[in-house]
Amino acid sequence: MVDEAGGLAPSDGTVAAHITAPALTFPDWGTQRSSWRDSEVTVTGDTELAARFLDTVNVI
């Protein structure tokens with residue numbers, strides 16, 4: 001969980017956004033071989049913040 005400042009979620013459990021996706025789809029969008037937007041990624045909460053975060057994910 002990442003807070004609005006880009007750090008770990010506060011100890012009270014408050015988060016800006018919650019991102020959920022099947023583990024099987026992560027290798028494709030997590031390495032930017034496909035867009036997370038075209039995958040089974042669900043975002044709740046601050047969707048703009050989550051989108052900015054997901055757009056930067058690139059596991060190499």
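Every number here is computed from the coordinates shown, using simple stated rules; none is lab data. Bear in mind that the values here come from a model prediction, so they are computed numbers and not experimental data. Note that each Cβ is placed from the backbone with ideal geometry, even for glycine, and that neighbours are counted across all protein chains shown.
Using the Karplus relation 6.51 cos²θ - 1.76 cosθ + 1.60 with θ = phi - 60°, the per-residue 3J(HN,Hα) values for the range 32-48 come to 6, 6, 9, 7, 5, 5, 8, 9, 7, 9, 10, 10, 10, x, 6, 5, 5 Hz, with x marking Gly and Pro. Each Lys or Arg adds one and each Asp or Glu subtracts one; over the other residues with Cβ under 15 Å from the Cβ of Thr20, this totals -1. You can think of it this way: the chain between Leu49 and His18 has 10.1 nm of extra reach, that is 0.36 nm per residue less the Cα-Cα gap. Sequence-ordered 3J(HN,Hα) estimates for the range 17-30 from the Karplus curve with 6.51, -1.76 and 1.60 and θ = phi - 60° stand at 8, 10, 10, 10, 7, x, 4, 5, 8, 4, x, 6, 7, x Hz, glycine and proline given as x.
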